[in-house]
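Novice: Have a look at this one before I ask anything.
Read the figures in this text as sums done on the coordinates, not as results from a lab. The model shown is predicted, which means the values in this text are computed figures rather than measured ones. Here the Cβ positions follow ideal geometry from the backbone for every residue, glycine too, while neighbour counts run over all protein chains shown.
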Amino acid sequence: MWTDSEICLHWIKSSATEWKQFVSNRVVEIQDCVVPDRWFHCPGLENPADRLTRGVSAVSLKSDDLWWSGPRWLKSPRHDWPQQKFRVPDEYMQEKRIVVHTAIVSDDPLIDIFRFSSLTRLLRVTAYVLRFLGKLGGKSTQTGPLVAAEISEAEEFWVKQVQREQFDFEITRLNRGQQIPAASRIWSLAPCLQEGLLCIKGRLEQSELTQEEKHPILLPRSKYTDLLILHEHNRGFHLGVIAALSRLRERFWIPKGRQSVKSVLKSCLVCRKYSAKPARQQTGQLPQDRAVACPPFTTVGTDFTGAITVKTTGGALQKVYIVLFTCAVTRAVHFEVVSNMSVKNFIMSLRRFLARRGCVKVFYSDNAKTFRSSREILKGFKSNKAT
């Protein structure tokens, strides 16, 4: 077998296990069919199969001796064949693999603030950590419960941390004594540094307010800011948005403060429970007697009013009642005055109503004793065909 590809010849004459899976599978198939020693190298110019790969026309192939007869030396004895210059070396150069290691530097904070839901707990844990670090450096010998100075140090640590995360460029320029460019989002607040904290200037320099009130600390929106807002909200027994923002502005200035406070207070479960709106009751469908157009007082609802005191002709005071007959469709109302709520008086008022308004198809009333007794009497009239 002859081939003009030295690469393929090298694959075939070598072990199949040295190559990748695709090449290895095909080398195994070739070696099973033909012994590797029966493979030889042929120059490309003397390879008849190479003619077809170069786009030779059928007319050219018709008169091509190489295509029909192969190389001339192939008809000669084997010892007259061209000398094989291709050799597979017995020893290979040592394979050296380049291993690339990627080191990812994790800039995890010393304390993960996102694991805390309370500002008090965050500051206490931070204070203990700072105390421990101080003891490692030999700067602190404090023991026992935390003191107010340590809590203040922990609070200052987190404020500086938050400011560095969002205003590092501005803080760096202020430390160098340079001006903040006008393109900065806090340029209009006239920021300044006081004891390493980024504060803002105002127009109350000549007032008798405290230094924190004159120059509040600039505190951007962050997880620490959310914990601070929630802390002030709970400390003031669930203050509203305006009251909580007013307390915060005694020491801090939060950009878009009202929006930030409102967003945090939405997560307060106690406030959500007491500010929840009652469920809206869905009204039912109207009965057919009230929805279908018909003459007035075809469908009627009736009831008594409460006692009304009137003055008689002689000047004496007397209690009377009013029987209401209401049309269920047109909402027209008919009144009849009775002296009491007896069955007799109701039947008489009903007769007067029917005499003026005509026959009624359906009557609605409550379960009062007068109406139940009147119903039985009317049923008796119907059975006796009385009018």
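Novice: Please identify which residues in the stretch 290-310 have an amide N closer than 18 Å to a label point set 7 Å out from the Cα of Lys361, following the Cα→Cβ vector.
Specialist: So the set is 290-302.
Novice: Ok, one more. Label the stretch 114-274 by shape, choosing from rounded, prolate and oblate, from the square roots a ≥ b ≥ c of the eigenvalues of the Cα gyration tensor; if a/c is under 1.5 it is rounded, and otherwise prolate applies when a/b is larger than b/c, oblate when it is not.
Specialist: oblate
Novice: Moving on. If one takes the longest principal axis of the Cα atoms in the chain, at what angle in degrees, from 0 to 90 and to the nearest 10, does the Cα axis of helix 223-235 lie?
Specialist: Helix 223-235 sits roughly 20 degrees off the main axis of the chain.
Novice: Work through the residues other than Met1 whose Cβ is under 13 Å from its Cβ and net out their charges, Lys, Arg +1 and Asp, Glu -1.
Specialist: Spelling it out: positives minus negatives among the neighbours equals 0.
Novice: Between Ala182 and Ala276, what length in nm is gained on full extension when 0.36 nm per residue of separation is reduced by their alpha carbon distance?
Specialist: So the chain would gain 29.4 nm between Ala182 and Ala276.
Novice: Within the chain, what's the longest run with no GluC sites (Glu not before Pro) in a DSSP loop and at most 14 other beta-carbon atoms within 10 Å? Give the range, please.
Specialist: Excluding the exposed sites themselves, the longest stretch runs over 251-387.
Novice: Treating the angle as unsigned and between 0 and 90°, give the value, to the nearest 10°, between the Cα long axis of helix 343-357 and the longest Cα principal axis of the chain.
Specialist: Orientation of helix 343-357: about 70 degrees from the principal axis.
Novice: Continuing with the same structure: Please state the shape class of the chain: rounded when a/c is under 1.5, otherwise prolate if a/b exceeds b/c and oblate if not, all from the C-alpha gyration tensor.
Specialist: oblate
Novice: OK, next. So what is the calculated 222 nm ellipticity per residue for the chain, using -39500 (n - 2.57) for each DSSP H run with n of 4 or more, over all residues, to the nearest 500 deg cm²/dmol?
Specialist: Counting only the DSSP helices, I get -12000 deg cm²/dmol.
Novice: Right, here's the next one. Extension gain Ile308-Ser267, at 0.36 nm per residue separation less the Cα-Cα distance, in nm?
Specialist: Full extension of this stretch gives 9.3 nm more.
Novice: Here's another thing I want to ask about it. Looking only at Leu209, Leu198, Leu324, which one moves most when the chain is put into a Gaussian network model with springs between Cα atoms under 10 Å?
Specialist: Leu324
Novice: Need one number: convex hull volume per residue for the stretch 344-387, Cα atoms only, in Å³.
Specialist: Per-residue hull volume (Cα only) is 83 Å³.
Novice: Further question: Find the lysine pairs in the stretch 134-263 meeting two conditions, Cα atoms under 27 Å apart and a separation of 8 or more places or different chains, and report how many there are.
Specialist: The result is 16.
Novice: Now a separate question. Work out the length of the dipole vector of the chain about its Cα centre, built from +1 on the beta-carbon of each Lys and Arg and -1 on the beta-carbon of each Asp and Glu, and round it to the nearest 20 debye.
Specialist: 3880 debye
Novice: Between rounded, prolate and oblate, where does the stretch 275-387 land on the alpha carbon gyration tensor, with a ≥ b ≥ c its root eigenvalues, rounded for a/c under 1.5, else prolate if a/b exceeds b/c?
Specialist: Oblate.
Novice: Which one, Arg51, Arg115, Arg357, has the greatest fluctuation when you compute a Gaussian network model over the chain with C-alpha springs under 10 angstrom?
Specialist: Judging by the Gaussian network model, the answer is Arg51.
Novice: I would also like to ask the following. Just to be sure I understand the model, the point goes 7 Å from the Cα along the line to the Cβ. What's the resulting Gln142 to Asp50 distance in nm?
Specialist: 8.6 nm
Novice: Against the longest principal axis of the chain, how steep is helix 21-33, in degrees 0 to 90 to the nearest 10, with axes from Cα atoms?
Specialist: Value to nearest ten degrees: 50.
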